[in-house]
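Asker: Dropping the structure in here first, questions after.
The values are calculated or read from the model by the stated rules, or taken from the named source; none is laboratory data. Just so you know, these numbers come straight off a predicted model, no measurement behind them. Positions of Cβ are generated from backbone atoms using ideal geometry, with glycine treated the same way; all protein chains shown enter the neighbour counts. The protein model used for the area step is the full one, side chains on, heavy atoms only, and it has no ligands, DNA or RNA in it. Shrake-Rupley method; radii C 1.70, N 1.55, O 1.52, S 1.80 Å.
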Amino acid sequence: MNGDKKTVFSGVQPSGNLTIGNYLGAIKNFSRFSEEYKTFYCVVDMHAITVRQVPAELRRRTYETLALYMACGLDEKKNTLFVQSHVPAHAELGWILDCYTMFGELSRMTQFKDKSAKNAQNINAGLFTYPTLMAADILLYQTDLVPVGIDQKQHLELARDIAMRFNQIYSDTFTVPEGYIPTDTMKIMSLAAPTQKMSKSDENANAVVYILDSKDDMIRKFKKAVTDSEAEVRYAPGKDGVNNLMTIYHAFTGKTFEEIEREFAGKGYGDFKLAVGEACADGLAPVRAEYERLIADKAFLESVMKNGAEEATYYARKTMSKVRRKIGFVN
Ligand code: AQP
């Protein structure tokens, strides 16, 4: 809670080109909170360096992610838009919360297990303590609600546990946050391996549909999507590829699964895949157009970052002074 408004916080890593998974699972939902909540949307560059990044690309993607936030409907006057590393309190609180997070808890995080398997050469301590930094991001702003995809549910639960633990030791300090996880599009899967999450860092570009892909590229990728040999558009267990395409089509057209099944009854997967590609490309066309306009104005994006960091710092300081006092640091 901040003032008389409940607070929303969420973030996206600038660790690659953003995917329709990031869009449908998270960013698309952000703007619905802008009017009634105090909203903080952050480009979490400190999280991104838990995996090795090319510095110039990280910098470029930080601008791009901010521009995409705005292209997806986030007005900088109604939302605090900022870059995580511009507000050092995230790192400060992250360290403090590390001391209230158990090794065993972090060891159970499935994202750590997945990412360590993918980055066997670089299983660094930051990858391990990623969830504590995420808890700091959220708790720093006394967040009530966190819109995220279902893959972040485990981290969010840990953030709640850390907040409750801290509050129990030192009396009420942090708001205990709730998740806002969309039920209909919670997890968009890879087009090439539909039992795995679609991820921006996937090395196979055909497995991933990026928000900024051209219409032709989107259609080409959907045409290649892995399905099954049944050739029947039907939502059913075991039909992971088709289920995923139906979820994406539903997200962009609003049609129910029954309506989709009726629309494609008796037709092959070819027609269906083309329709999904077109719906996705047409749905994202306004975002792409607005993004092109915004990304061309670097000075404007920098002014948004600067104002956002100042605003976020104001709220972060309030929490930090409370935390420092409670744990016994000399002011
Ligand atoms: N496939 C997905 N379906 C639904 N939601 C998704 N999200 C990510 N992928 C999907 C949601 O997007 C938000 C931002 O994610 P992130 O950048 O913080 O990190 P992530 O979850 O690790 O996303 P990626 O794309 O898989 O990034 P990399 O490849 O760098 O690890 C989150 O709310 C997430 O739930």
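Asker: Whole angstrom only: what separates the Cα centroid of region 288-311 from the Cα centroid of region 225-266?
Answerer: Region 288-311 and region 225-266 have Cα centres separated by 38 Å.
Asker: While we're on this one: So what's the angle, to the nearest 10 degrees on a 0 to 90 scale, between helix 269-295 and the longest Cα principal axis of the chain?
Answerer: 40 degrees
Asker: Next up: Go through 328, 152, 94 and say which Cα lies farthest out towards the positive end of the charge dipole of the chain; charges sit on Cβ, +1 for Lys and Arg, -1 for Asp and Glu.
Answerer: The listed residue farthest towards the positive side: 328.
Asker: Right, something else. How many percent of DSSP beta bridges within the chain run antiparallel, rounded to 5?
Answerer: Numbers: 3 of 17 bridges.
Close to 20 percent.
Asker: Tally up the carbon and sulfur contribution to the accessible surface of the chain as a whole percent, 1.4 Å probe, everything protein left in place.
Answerer: The nonpolar share, carbon plus sulfur, comes to 51 percent.
Asker: Here's another thing I want to ask about it. Helix 215-224 sits at what angle to the longest principal axis of the chain, using alpha carbons and giving 0 to 90 degrees rounded to 10?
Answerer: 70 degrees
Asker: Oh, and also: With +1 on each Lys and Arg Cβ and -1 on each Asp and Glu Cβ, how big is the dipole of the chain about its Cα centre, in debye rounded to the nearest 20? Intermediate values should be presented prior to the final figure.
Answerer: On the way: 42 positive and 42 negative charges, 155 e Å.
Using only the charged Cβ atoms, the result is roughly 740 debye.
Asker: Averaged per residue, what accessible area in Å² does the chain show with a 1.4 Å probe, protein chains only?
Answerer: Details: 15140 Å² over 331 residues.
Per residue, the chain has an accessible area of 46 Å².
Asker: Taking H as built 1.01 Å from N, whose amide H comes closer than 5 Å to the amide H of residue 179, not counting residues under 5 places away?
Answerer: Under 5 Å from the amide H of residue 179 lie the amide H atoms of 146, each far enough along the sequence or on another chain.
Asker: Loop by DSSP (not H, G, I, E, B), at most 12 other beta-carbon atoms within 10 Å: where is the longest site-free stretch of the chain for GluC sites (Glu not before Pro)?
Answerer: Details: sites that count: 35, 36, 203, 230.
Formally, the longest exposed-site-free interval is 37-202.
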